[in-house]
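Participant: Below is the structure I would like to discuss, written out as structure tokens.
The values are calculated or read from the model by the stated rules, or taken from the named source; none is laboratory data. Treat the numbers as computed from the prediction; the structure is a model and nothing was measured. Cβ sites come from the backbone with ideal geometry, for glycine too, and all protein chains shown count toward neighbours.
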Amino acid sequence: MDARYKSREIERRSLDVDGLKRSFLEWLVYSVGKDARAATRRDWFHTVALAVRDRLVDRWMDTTRTYYQQDAKRVYYLSLEFLIGRLLTNSLANLGITDQCRQALDRIGLNLDDVVEAEPDAALGNGGLGRLAACFLDSMASEALPGYGYGIRYEFGLFEQRFEHGWQVEYPEQWLQFGNPWEFPRPEVLYPVQFYGRVEEFRDSVGERAYRWVDAERVLAMAYDTPVVGYGGDTINTLRLWSARATRDFNFGHFNDGAYMKAVEQKVLTENLSRVLYPNDATEGGKELRLKQEYFFTSASLQDILRRYLQHHSNFDSLPDKAAIQLNDTHPAIGIAELMRLLVDQHGVTWDKAWDITRATFSYTNHTLLPEALEAWPVRMMERVLPRHMQIIYEINAKFLNRSKARAAGDNGRLSRLSLIDERGDRRVRMGNLAFLGSHKVNGVSALHTELMKQTVFADFHAEFPERINNKTNGITPRRWLHQANQPLAALITSRIGNGWIKDLSQISALAEKADDLVFREEFRRAKRKNKKRLAAYIARQTGVDVQVDSLFDVQVKRMHEYKRQLLNILQAIALYNEMRDNPTVSWVPVTKIFAGKAAPSYHMAKLIIKLINDVAKVVNHDPSVHDNLKIVLLPNYNVTAAEIIMPAADLSEQISTAGMEASGTGNMKLALNGALTIGTLDGANVEIREHVGEDNIFIFGLTAEEVNDLRASGGFNPRDVIASNPSLKRALDMISTGVFSPDDPHRYHPILQALTDGGDHFLVTADFSDYCQAQQAAMDLYRDQEEWTRKAILNTANMGWFSSDRTIMEYATEIWDVHPVKPEHPAETET
Ligand code: C3B
């Protein structure tokens, strides 16, 4: 494409070094408005981003136009979270102009890596669910699938985490403070979204009973579009994020009364709707603003989808042939009632027809079985905020329960479990049930999770609709997580097997035969060491702790949650610390324990565990008697950008959730792809990772999901007995309880000890402790044999091809969406 662009002599699109350099210099002056001498790093970032953006706009429009002209079936991925991170490296790499850009900057006396550092990390998500959505965007564009992301343009992304005296403190994340060069505001793409008010019944033109939603408050949803560059730059899709705007008439009403300040105040309140991302990765039970956010972006997205559909169609019969709408968890599940409302109330479609269309259009992904994360909105709130939707939900429910087999069998227990309304206590709308009922396909995110869905939360629905539940094991994009984040390893792989793996990760299996090649092993280790040096420098900068590059980098990075069991890891660290002190003459394998992750601001236990890790780290890192053989660091403000530094540098990947509780995990995939060996339970996708990398190349320990279930059901587990019978666990807990790590407040960790003992140890930390320590010992022993370790690490990388999100997304495309690749036509490039 380079030559073609050059032949047209359009400099702003040229992809060679000179052309890039010229446009950088021009952009700096004419768009950023700075002189080269006065330009800051941030100015240069904006300059480069704008110049790169120029180079993708034509192809972006070509992509959109092709979809339009072919009236292609599109997939709409509705997600309250998109954890996309930085975009510059990604755009350059996917356009294939990283080297040219580096050289062009070089000629101006700048370093691309420094410029990249000035980009804020777009943290429009909490954790795995949001990052999965971002990987899916990359894969849809790379697979030439007509895919759109729809979400909210939060002004404040996930909070910035700092540690003050070892405690987590949250600060606002102002990622938009200096503007966002990637987005295109679309002030003309504006949809009204209503709240509150009441429903009026009337007779329509043919005398049928009909409803309208009146006296409601109105908010406008305004679109911001971000181009999503696929690998190779051929397909450029759209991420459309909605921002809340107050309506004008609403303001002017107050203005005329002279109540100017009140009007402005109302405007600010209205626009708060898209102000901030909820920082909990489980649920935000009962928060009205959260419900409004969910409805806001879902309604705007559906209006936009119908508008696009109606450009080519005059009735809704073929909506399911032209649009697949994927619900990313239950957050957009209100969309099922909203589509019914739009079709029935606004477009006059009959109920039964509308229901068939709705079900054929929607599908739903479940991401967790945690009971606290299954959304259930109080009926009274729903009636107040979305009165018409509440009616529609009642109607859907009545029709469904009337027809269900449970009624025929007279099984009232099952009937009440199938109901969209939880009648126990204050009545609630079960959004999971609504999502299930309104979708033609429902999927889990790993084989085990999907199986458990069938057995637990959706057992009754599964009996009713045995074809509906299916599995789509998560994946990760190899572009960001290997090609971009791990350049030393990516270059090594490409030098041996070519670069086809970037687009087709299954090709990486060709590395397996190199596992026995001593030269390759040496180079593999060298790449890992380079990444470890980079991480060590980052750790020193962030925490002031010096770590040994050649120590075993033992990494647990993910949200702080009791079920993920960072506590198990830190207890093992204390036990190891004790062993090292007891046996100073033994030649220990040096270990660096690396933690990172945010806790929800209101999750006290998780925050206490953060404090514990920091307290233990302080004691261990300053104890000369361990001779630097053990270091513990908790890196602040874990985000996508930090993950890009951490993942490539890990030796050991901690995936130690209580079996049955982690739906899939995706960090486990990033780490293994980058050559870390996993230490983990048979939970989530760990099960499938074991199948792919081979059981000799992974450290599996602990209770299985079935054993966990049995243990809990039998009530036959007493953590105090377990603790009493394990001296090293007892000693570690005694140290915590006597204030060894918290001399300023010896009782600080009482709640943790309480949870592990009288609390019944719900997450089975004590039950798995001994087995976990043995697995850790096996890992340390193996690490002494660097050849053997490297061989296994290579086999991990080589066998992770299946975990590409390209594989996942093509499974969704063929088995759920029936959406097919569409090659964009680039007319400007073919005319000469
Ligand atoms: C997460 C799950 O906890 C992970 O196991 C899973 O890999 C990802 O979703 C992606 O499927 N998850 C999350 O981040 N937030 C939720 N509210 C629910 C699940």
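Participant: Tell me yes or no: at least one residue of region 110-123 is under 25 Å from the mean Cα position of the chain (by Cα) and within 16 Å of the ligand (Cβ to nearest atom).
Facilitator: Yes, region 110-123 contains at least one residue that is under 25 Å from the mean Cα position of the chain (by Cα) and within 16 Å of the ligand (Cβ to nearest atom).
Participant: State whether the residues of region 430-452 include one that is part of a loop (DSSP other than H, G, I, E, B) and within 16 Å of the ligand (Cβ to nearest atom).
Facilitator: Checked against the condition, which is being part of a loop (DSSP other than H, G, I, E, B) and within 16 Å of the ligand (Cβ to nearest atom), region 430-452 yields at least one hit.
Participant: Hey, among Gly109, Gly96, Gly128, Gly33, which residue is under 19 Å from Thr477 (Cβ atoms) and surrounded by fewer than 21 Cβ atoms within 10 Å (Cβ to Cβ)?
Facilitator: Gly96
Participant: Here's another thing I want to ask about it. Every residue in region 640-695 that is part of a loop (DSSP other than H, G, I, E, B), touching an Asp or Glu at 6+ places or on another chain (Cβ under 9 Å) and away from the ligand (no atom under 14 Å from the Cβ), please.
Facilitator: Listed by number, the residues that qualify are Ala650, Asp651, Gly675, Ala676.
Participant: Taking the condition closer than 30 Å to Leu492 by Cβ and either in contact with a Ser or Thr (Cβ under 7 Å, 6 or more places away or on another chain) or not assigned by TED's automatic domain parsing to the domain that holds Gln777 (or both), does Pro590 pass?
Facilitator: The answer is yes for Pro590.
Participant: Filtering region 316-368 down to residues that are without any contact (Cβ under 8 Å) to a residue 40 or more places away in the chain and small (Gly, Ala, Ser), which residue is farthest from Ala134 (Cα to Cα)?
Facilitator: Across region 316-368, the extreme among qualifying residues is Ala354.
Participant: Wholly within region 271-380, which strands (runs of 3 or more DSSP E) include no fewer than the required count, namely at least 1 residues that are in the same structural domain as Gly438 (by TED's automatic domain parsing), of a type in the set (A, V, I, L, M) and within 16 Å of the ligand (Cβ to nearest atom)?
Facilitator: 323-328, 376-378
Participant: Is there a residue in region 589-597 that is part of a helix (DSSP H, G or I) and closer than 19 Å to Ala536 by Cα?
Facilitator: So far as region 589-597 goes, no, none of its residues is part of a helix (DSSP H, G or I) and closer than 19 Å to Ala536 by Cα.
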